[in-house]
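One structure is given below, represented as structure tokens, and several questions about it will come after.
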Amino acid sequence: MGNVNIEVHHVTRVEGHGNIVVNAKNGVLEECRLDIVETPRFFEAMLRGRPYTQSSHITSRICGICAVGHATASLRATENALGIEPSAQTVLLRKLNFHGEMLDSHVLHVYMLVAPDMLGVGSVIPLVQIAPEAVLRALRLKKLAGDLCAVIAGRHTHPIAMAVGGFTHFPTIAELKALRGRLVDARADMDETVKLAKTLPWPQFNRETEYVALRKEDEYAFIDGTITTTDGGKYAINDYRQVTNERMVTHATAKHCAHKRESYMVGALARFNVNHDKLHPRAKAAAEELGLKPICTNPYLNTAAQVVELVHCVEDAINIIDELVGRGVKPEPLPAFPGKGGEGAGSCEVPRGILFHNYQIGDDGNVIGANCIIPTGQNLANIDADMRALVPQILDRPQDEIRQMMEMLVRAYDPCISCSVHFLDVRFV
Amino acid sequence: MKPKVAFFDFTSCEGCQLTVVDSLQTHVDLLDVVEIVQFREAMTEKGEDYLVAFVEGSISRESDEARLKEIRERAAVLVALGACAHLGGVNAIRNAMPLEDVRRYVYGDKADWYETYPARPLSAVVKVDAFIPGCPIDREEFIEVVKALLAGRKPPIPDFPMCVECKRKENVCMYDRGGQCLGPVTRAGCGAICPTYGDGCEGCRGLIPDPNSEAMSDVLVKNGLTVDDMLARWSMFGTYQQMELAAKK
Ligand code: SF4
Ligand code: SF4
Ligand code: SF4
């Protein structure tokens, strides 16, 4: 049992810059954490004084991969602040767009960021040699996801047609039907994805923690709902601060979060643990195939939960298109500014977990205050806790293996470090 | 031997790098003509020997400068990837606000823990050889620029205004729909995608080289607007340039 001294500078294949630090002396763990060295971004401060109509366009630039998610949370916060109710058609189009982003992000993570680890290569590029059909499948699925988003809002990063109270552009029935055909074809790719996931050597490591996700009684929740935890917590979105309890730490420009325990986890695995009963039957079957059962406490299986969600999103997207085609898509004008400001929070489940936006808008329609709490920030304390539990279990292994296990752990969370660096804790006055 | 290229990022949303990944969906053959030696977002390998460096993001703290200068020294060609790198982009919105106030607003009394300074484009720190505009960049344009650089040609970035492209698409002008649009002074090349999807252009691709040449643009004349009105509205992506202009006056 020797000394272990690991510093992974700028963990690769995650979004944003983070470093892993592990120090052990004579078999005793002295130090172990994920440092966030990303630059602070200050988005909340930048919204102040700008018209409410710009918030979603600015905040989508927090993250290129969760652009639709940020735009959606931003729009919901603004709508709640202004007392605007989106129409049934708007709700459907937003959900569909959301599935496009979920597909895009999960495929990127499963195929391009995690699979190379498990197949023992450094990136997706050598994968082109050893598993070309898997890479082509991933590119095909990503193209479908991107095309879906483009039909609805112009492009995936950064959506154009999404606006407060509705959309500024509408897909045609022919476009929707064409997408439907491709989604049906994607079922075969989903089967292959589940098969691939089944062959991957998932590391075995379990640690109990609290899982937090939005929940709705009538569907697997992605947009709106009740904040629900596996420890029995239930909160309205407006009360999000009771869950997040942000605090600042010196080793990260991102704030850390904790609810009742020292930390909690958000993301696909948390959603699976909280909402397993609401999954589409095909997604439930995929979970069974992968041996995934709630409550699953192995963080490495967050990626497996993403595979289950991929299956769900393809099926739900087909259903939404059927509904839209059935009812027809009509251009709807955007609601006017109601003449009075207010405060509101919005929340949705972006690929990496629960996201909150909270705005205060003045009677002139300009933003007065803003707060955004991003999933990766909420996961940071849990990642640290996992590392502290994992390292002593593997301390006798070669240093390279420890390093790899740690990097894989961080990547399993699919962290988006560039997003998580602009937290604040403003009290609206 | 294939020319080596590398990707780097500073303060950004990584949307432009993701667009590069997406461009592979339709141009897998790109990997036949270049060798990617560094791309933190997609690969673990890190090669330090490269000909072309694509750099995404704004420079927003002093300690970033050394890293950027090192990249500049190694690369024969340095390309700014996207509006953050090319213009400062959304990151520079805060430059117009008192820095101390911005820091305290986000980090309260812990503001001193985190290093920052006003956000700036790459060209404020090092020489930039080429840029790919947009927030995010356009996939096809990225491919075209790579091709041009490999052939030793000047990257084919348009320098006429968006309105030309927009009219070609037969869009109804945003001003006729009660909206606003920076099309008369913004560099074309995105296919006027925002007006096409019902929203005004926000100027993410930057200004055409001489915006004043557009003072007589029929859209401006018809709507009683001036080039200065346009510049004043260009704050989502152009705050850095607005402040430079103001400092010159
Ligand atoms: S230019 Fe836009 S899309 Fe590109 S990194 Fe910056 S914010 Fe993201
Ligand atoms: S002002 Fe905008 S909408 Fe009008 S023609 Fe020019 S680019 Fe198109
Ligand atoms: S229309 Fe304007 S804001 Fe939209 S992508 Fe083109 S240049 Fe950027």
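Within the range A:259-289, which GluC sites (Glu not before Pro) sit in a loop by DSSP and count at most 15 neighbouring Cβ atoms inside 10 Å?
Passing both the DSSP loop test and the Cβ count: A:E262.
Points 7 angstrom from Cα along the Cβ direction at B:E35 and B:D176: gap in nanometres?
Distance between label points: 5.5 nm.
Using only the alpha carbons of the range A:87-221, determine the length spanned along each of the three principal axes and report them from longest to shortest in whole angstroms.
47, 39, 25
Further, regarding this structure: Taking all protein chains together and a probe of 1.4 Å, list B:S213, A:S60 from the most accessible to the least accessible.
B:S213, A:S60
Would you please give the FRET efficiency between B:F160 and A:L119, computed as 1/(1 + (r/R0)^6) with r the Cβ-Cβ distance and R0 = 45 Å, to the nearest 0.05?
0.40
Over the Cα atoms of the range B:162-248, compute the convex hull volume and normalise it per residue, giving Å³.
Hull volume over Cα atoms, normalised by residue count, gives 88 Å³.
For the range A:214-370, max minus min Cα coordinate along each principal axis, in Å, sorted largest first?
The Cα atoms of the range A:214-370 stretch 55, 52, 27 Å along the principal axes, largest first.
Helix A:88-107 sits at what angle to the longest principal axis of chain A, using alpha carbons and giving 0 to 90 degrees rounded to 10?
20
Within the range A:340-405, list the trypsin sites (Lys or Arg not before Pro) lying in a DSSP loop whose Cβ has at most 15 other Cβ atoms in a 10 Å radius.
Here the sparse-neighbourhood loop sites are A:K340.
May I pose another question? In percent, what relative contact order does the range B:4-150 have, based on Cα pairs under 8 Å that are 6 or more apart in sequence?
In percent, rounded to a whole number, it is 29.
Taking the Kirkwood radius as the inverse of the mean 1/r across Cα pairs, report the Rg/Rh of chain B.
Rg divided by Rh gives 0.99.
Calculate how large, on average over all directions, the projected area of the Cα convex hull of the range B:95-241 is; give the answer in nm² to one decimal.
Value for the range B:95-241: 11.3 nm².
Can you tell me the accessible area per residue over chain B, all protein chains present, probe 1.4 angstrom, in square angstrom?
Ligands and nucleic acids excluded, the result is 42 Å² per residue.
Inside 10 Å of the C-beta atoms of A:113-121, what's the mean count of C-beta atoms belonging to other chains?
Per residue, the average neighbour count from other chains is 1.
I would also like to ask the following. Expressed as a fraction of 2.2 N^0.38 Å, the rule-of-thumb size for a compact globular protein of N residues, what is the C-alpha radius of gyration of chain A?
0.96
Go ahead and set up a Gaussian network model of chain B, Cα springs under 10 Å, then flag whichever of B:G238, B:G15, B:G88 fluctuates most.
Comparing B:G238, B:G15, B:G88 in the GNM, the peak value goes to B:G15.
Separate question: Could you work out how far apart the two model spin labels at B:K69 and A:D400 are, taking each label as a point 7 Å from the Cα in the direction of the beta carbon, and quote it in nm?
3.6
Something else: Cut-off 10 angstrom, C-alpha nodes, Gaussian network model of chain A. Which of A:A258, A:A188, A:A161 fluctuates the most?
Taking springs between Cα atoms under 10 Å, the residue moving most is A:A188.
Then there is this: From other protein chains only, count the Cβ atoms within 10 Å of every residue's Cβ in B:130-136, then give the mean.
2
Still on this structure, I have one more. Among DSSP bridges having both ends in the range B:4-150, what percentage is antiparallel? Round to the nearest 5.
Of all bridge pairs located within the range B:4-150, approximately 20 percent are antiparallel.
Still on this structure, please answer the following. In what sequence, largest accessible area first, do A:T90, A:T53 appear using a 1.4 Å probe?
The ranking, largest first, comes out as A:T53, A:T90.
Follow-up question, since we're still on this one. Taking 0.36 nm per intervening residue step and subtracting the Cα-Cα distance, what contour gain separates A:D322 from A:A389 on full extension?
Result: 19.4 nm gained on full extension.
Nearest 0.05, what FRET efficiency do A:V184 and B:D129 give at R0 = 45 Å with Cβ-Cβ as r?
The computed FRET efficiency comes out at 0.45.
Sticking with this one: Inside 10 Å of the C-beta atoms of A:63-70, what's the mean count of C-beta atoms belonging to other chains?
The per-residue average across the peptide is 4.
To continue, here is another question. Using the Karplus curve 6.51 cos²θ - 1.76 cosθ + 1.60 with θ = phi - 60°, work out ³J(HN,Hα) for each residue of the range A:366-372 in order, rounded to whole Hz, and write x for Gly and Pro.
9, 6, 9, x, 8, 8, 10
Computed on protein heavy atoms with a 1.4 Å probe, what is the summed buried accessible area for the chain pair B and A, in Å² to the nearest 100?
For B against A, buried area totals roughly 5100 Å².
Looking at chain A as a GNM with Cα springs under 10 Å, which of A:H109, A:H169, A:H99 has the largest mean-square fluctuation?
Checking each option, the largest mean-square fluctuation is seen for A:H169.
Now for a separate question. Can you pick out the pairs among A:K330/B:K169; A:K177/B:K167; B:K127/B:K154; A:K195/A:K284; A:K95/A:K278 whose Cα atoms lie more than 18 Å from each other?
A:K330/B:K169; A:K177/B:K167
Once you place label points 7 Å from the Cα toward the Cβ at B:N223 and A:V128, how far apart are they in nm?
4.3
To the nearest 10 square angstrom, how much accessible area does A:E343 have with a 1.4 angstrom probe?
100
Please work out how much accessible surface A:I125 shows to a 1.4 Å probe, ignoring ligands, DNA and RNA, in Å² rounded to 10.
Using a 1.4 Å probe on the heavy atoms, I get roughly 60 Å².
Tell me the angle of helix A:132-153 to the major Cα principal axis of chain A, expressed in degrees between 0 and 90 and rounded to the nearest ten.
Compared with the principal axis, the helix lies near 30 degrees.
Right, next: For the protein assembly as shown, with all protein chains present and a 1.4 Å probe, just round the carbon and sulfur fraction of the accessible area to a whole percent.
Ligands and nucleic acids excluded, carbon and sulfur give 52 percent.
What's the FRET efficiency of A:E217 with A:A336 using the Cβ-Cβ distance as r and R₀ = 41 Å, to the nearest 0.05?
0.80
Mind checking the per residue accessible area of the range A:43-428 for me, 1.4 Å probe, whole number of Å²?
31
When the helix-only estimate is applied to chain B (DSSP H runs of n ≥ 4, each -39,500 (n - 2.57), divided by the residue count), what is the mean residue ellipticity at 222 nm, nearest 500 deg cm²/dmol?
-10000 deg cm²/dmol
Angle between the Cα long axis of helix A:173-199 and the longest principal axis of chain A, 0 to 90 degrees, nearest 10?
Its long axis makes an angle of about 10 degrees.
Any chance you could get the radius of gyration and Dmax over the Cα atoms of the range A:299-393, in Å?
20.2, 60
The values are calculated or read from the model by the stated rules, or taken from the named source; none is laboratory data. What you see is a predicted model; the values in this text were computed from it and never measured. Neighbour counts run over all protein chains shown; Cβ positions are idealised from the backbone, glycine included. Surface areas here come from the heavy atoms of the whole protein model, side chains and all, with no ligands, DNA or RNA. Shrake-Rupley method; radii C 1.70, N 1.55, O 1.52, S 1.80 Å.
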